[in-house]
Every structure is written in structure tokens, then in C-alpha cells.
Amino acid sequence: MEKKYTNTTNLIKFILGSGFGVLMFLVPIPQGDSFTTLLDYLKTFVKNLFGGSLPYILTVIMVIAAVMSLYDYFCKPDWIRNNHYLKKAFSTTPFYLVSKVIGAIVTIMVVFNCGPEFITSIDTGATIVDLCCTLLCIVVSFSFVLPFLTDCGIMEFLGVITRPVVRPLFGVPGRASVDLIASWFGASNAAVILTREQYMKGFYTKKEAGYIMTNFSLVSIPFCLLIANTVGISHVFPAMYLCVCVVGIVLAIIIRRLPPISTMPDTYKEQVGSQINEDVPENVNMFEYAIESSCKRASTLSLKDIVSSGMEVVVGMFFDLIPIVVAWGTVALIVATYTPIFNWISYPMGVFLNVLGVEEAFAVAPATLIGFTDMFIPALLVGGIQSVKTKFIIAALSLVQIIYLTEVGAIVIKSEVPLNLVKLFIIFLERTIIAIPLIVLFANMVL
């Protein structure tokens, strides 16, 4: 490989840009008797800046999301469909369209206190709306910092360095390390889309693509921080994130040996065949190759790219994630608060947790299963739990379960990889049952 990107300018962009991203997201900062992150400080500043206007800002966003999505769905205007940001914000499926409408209605009811109590109660809708106000602040805080972690070369550097480990340990091509890093530093659904495209182009077999989608597509660092904030354990975020990483790796090693992943056909897409070639360039040192790849990535970084990437995150979170959280988070809390359904179906999980010595085991048991629908809801169900260790366990579990229908599952099902709803649920249960004792062990060690 010609060394035409490794120069002083690109090295500075790689080192300083990536260093800034790592500092903001991962480096613990002392705070009293505990510690936090610089990103958390920034979130608090933004929240104090907006103050009491946050619920009304949220209402405006929810109404815009619902009205514009309805308009796009029925009228299909070119000025939305042909604009990258507007299409991402408002062009949606019937499921997401319903989510946005429900989310807007719930938000209006809660903010203006004009609906039935089971929706506006502090145990249901009011909790969700308050949570989403905090979510708005977190999104504003990290969206324009995230590119420093994803676009300055650290992903490429780690991808090259970890390739010799990825193939023997996980049985997938080295390029899968980029999928893993893309999801941990970026977004899980983006990593799934990346994997699907690699499969379509002949770089992954059906088995490899299915395995990567359901095991490597962990949620991003910012979302992990969001979950920690939601359950009230942000002071132990570095420990929780370390737990997620360690348990995620162990799960990936185990799940590939279990059906349905182990029984998937190890063949490439018939129309394209195998297109992969991972031969290391001759006479090139691995570290030098990693630096070169990183500098090549850093050379493309510009202020315009940072703003564009940040805006894409803001639009996606504001108009896609938050409506789902409001709509189905409220529904889940209504069902959990006013019905015994989740207590019934999750009783075996309560017994499992109780045997492992988890405090308030049966109270948090429903949170171990409801994550199949959405990654955020388990965190909502443990708000009233007193035990920090139990909150830690559920928060970490919700982040390693991976198979969230609203984020990852829907994309996997729509792809041409042979994984249906039943197979995804089986993988979800496998990950849950294996992860729980590992996380409990980790929690007992650090808390």
C-alpha cells in the first residue's frame, strides 16, 4: 500500500480528533465520591440551559414528527423524498408512523394534563416524557461530538489491529471488526445495514452475516451512557460499559456454536458468489498499515462532515427514536403498572435471578424479556428499584441482548439473510440466559 496519507496533518487529525472523542465518551472524571464523564457534564449544562421549556420543545418535536410523517406517507412529496435529512426524518413504515402519532398524542396529554390518568400518571406517561426531555439534552450534547469518535480514524486503526484476533476467535472475516466498532462507536442499526450490504456484495456468507448482525451489533457508547443515566447509575458507567464489552465478547464466542446460527448455510449470496480477499499487503507492517488506514480516514474529515454527521444523528434520534420511546415506553409501563401480564410470563426469569442472588429479582424479571421489543424499555421498568447492583445488572443485560425489534430486528427481518422472527427470539433468549449469570458475577466483583 502506497504511503500517501501518513503525513503530519493527517496524523494530528487522527490523534487529536480520536483522542478528543475518547476523552469525551470514555475517560472517567472525578465527581465527589464517584466519577462521571465530560459528556455528562455537557448534558447537564444543556438541560439547565433549556430548563422548564424542555417539555414544550419535546411537544413541538413530537407533533412535527407525526404531522410530517403522515403527510409524507399519504402524499409522498418529492421535496421530502429527495432530501436526505427530511427523508430520514419523515419517510417511514406504517409501524413507525403509528408510533409517531401515538407518541405525539401521549406527549400532548402529559404536558397539558388533559388525558386519562393511566396515560398521564407519574408511573406511566409522565415518567416517559420527563425521560425524553433528558434524552433531548443527551442527543444535543453527543451528536456533534460523536464524529470525533467515528470519523477520525480510530475505527480503522482498531479494525486493522484486531483482524488477526477476529477470524480465529469469532470465525468471521477481519472486516467484521469494523462492523463491531461501527456499532459500539456509532449505532447498532447502522452496523446491521453495513453487514447487510457486505452480504449483498459477497463479502459475508449467510451464516457470517446472520452471526454478525445478531452478535456484533451492540448498541453505541452514547446509548449505553443514556441507559446508565436513565436507571440512575451514571456514576458507575465505565464499569458498566466494561461489563457490556466483556460479556458481549463472551456471548459472541458462544452463540456462534448454538443453533440457529450454527445451522445456517455457510454459503454466499448466489447471484454474486464470494468476493472477499483479505490478503495482507506484502512487505507492510501491521501497525504501519493501521496508521495508514487511520490517516486515510482522518484525511477526509472536515467541519462540514462533522456538522452533517451530527445533524444526521439529531434527526434520527429526534424523529425516530424518541417517538418510539414515548409511544411504546408508555404502553409498556401501562401494561406493567396496571396488568400482571409481564409478571406472569417472566416468572421463570424471576426464579432464575433469585437463585443467582439478585435483589428484587421478581420485580425486575419483566425487564429481562421486554427488551425484545425495544432496547430502551427495560431501563424504564427499573426506575423504582432501590438496589444499585440490580439496576446495574438490568442495564447491562438490556445492552447485550441486541435483538431489539424496533432497531435491529426489523432490519434483519427485511434483509435477505435467512433469519425470521422466531429465530431472532430464540437467539434473544440464548443471549439473555447466558448473559445473566456473567453480569451478576461481574456486578458482584465491582459493586
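The values are calculated or read from the model by the stated rules, or taken from the named source; none is laboratory data. Being a predicted model, the structure only gives us computed values, none of them experimental. Because the Cβ atoms are built from the backbone with ideal geometry, glycine has one as well, and the counts that use them run over all protein chains shown.
Of the residues making up segment 296-311, those that are under 10 Å from G153 (Cα atoms) and not hydroxyl-bearing (S, T, Y) are K296, R297, A298, L301. Among the conditions (1) under 24 Å from I433 (Cβ atoms); (2) without any contact (Cβ under 8 Å) to a residue 12 or more places away in the chain, the only one that A332 does not satisfy is (2).
So that you can scan it fast, the table gives a plain yes or no per residue for (1) touching a residue at least 40 places away in the same chain (Cβ under 8 Å); (2) of a type outside the set (K, R); (3) on the phi > 0 side of the Ramachandran plot:
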site	(1), (2), (3)
F74	no, yes, no
K88	yes, no, no
I108	yes, yes, no
C114	no, yes, no
T120	no, yes, no
T124	yes, yes, no
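Counting only helices (runs of 4 or more DSSP H) wholly contained in segment 163-279, the ones carrying 2 or more residues that are among the basic types (K, R) and at pLDDT 75 or above occupy 206-215. Against the condition at pLDDT 90 or above and under 17 Å from I334 (Cβ atoms), how does I119 come out, does it pass? For I119, the condition - at pLDDT 90 or above and under 17 Å from I334 (Cβ atoms) - is met.
Show the residue pairs that are 6+ apart or on different chains and have beta-carbon atoms under 6 Å apart, the first residue being within segment 199-222 and under 30 Å from L242 (Cβ atoms), the second being assigned to a helix (DSSP H, G or I) and among the aromatic types (F, W, Y). Pairs that qualify, where the first residue is under 30 Å from L242 (Cβ atoms) and the partner is assigned to a helix (DSSP H, G or I) and among the aromatic types (F, W, Y), are A209/Y199; L218/W184; I221/F25; P222/F142. If I filter segment 79-96 for residues that are farther than 20 Å from M311 by Cα, in contact with a Ser or Thr (Cβ under 9 Å, 6 or more places away or on another chain) and among the hydrophobic types (A, V, I, L, M, F, W, C), do I get at least one hit? Checking segment 79-96: at least one residue is farther than 20 Å from M311 by Cα, in contact with a Ser or Thr (Cβ under 9 Å, 6 or more places away or on another chain) and among the hydrophobic types (A, V, I, L, M, F, W, C). The single condition among (1) closer than 19 Å to L321 by Cα; (2) touching a Phe, Trp or Tyr at 6+ places or on another chain (Cβ under 9 Å) that V101 does not meet is (2).
Go through segment 338-357 and count every residue that is surrounded by fewer than 20 Cβ atoms within 10 Å (Cβ to Cβ), of a type in the set (S, T, N, Q) and touching a helix residue (DSSP H, G or I) at 6+ places or on another chain (Cβ under 8 Å). Result for segment 338-357: 2.
Candidates M1, M24: the one that is modelled with pLDDT under 85 and assigned to a loop (DSSP other than H, G, I, E, B) is M1. Determine whether T92 is at pLDDT below 90 and in a loop (DSSP other than H, G, I, E, B). It is true that T92 is at pLDDT below 90 and in a loop (DSSP other than H, G, I, E, B).
To keep it simple, each residue is scored yes or no on (1) of a type outside the set (F, W, Y); (2) assigned by TED's automatic domain parsing to the domain that holds V101; (3) not in a helix (DSSP H, G or I).
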{"residue": "S293", "(1), (2), (3)": "yes, no, no"}
{"residue": "V313", "(1), (2), (3)": "yes, yes, no"}
{"residue": "F319", "(1), (2), (3)": "no, yes, no"}
{"residue": "L333", "(1), (2), (3)": "yes, no, no"}
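Comparison of A336, A252, A327, A290 shows that the only residue that is in contact with a Phe, Trp or Tyr (Cβ under 7 Å, 6 or more places away or on another chain), under 30 Å from P55 (Cβ atoms) and among the hydrophobic types (A, V, I, L, M, F, W, C) is A336.
Yes/no per residue for (1) buried (at least 19 other Cβ atoms within 10 Å of the Cβ); (2) more than 18 Å from the chain's Cα centre (by Cα); (3) part of a helix (DSSP H, G or I):
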site: E359; (1), (2), (3): no, yes, no
site: D374; (1), (2), (3): yes, no, no
site: I393; (1), (2), (3): yes, no, yes
site: L397; (1), (2), (3): yes, no, yes
site: V412; (1), (2), (3): yes, no, yes
site: E416; (1), (2), (3): no, yes, no
site: T432; (1), (2), (3): yes, no, yes
site: V440; (1), (2), (3): yes, yes, yes
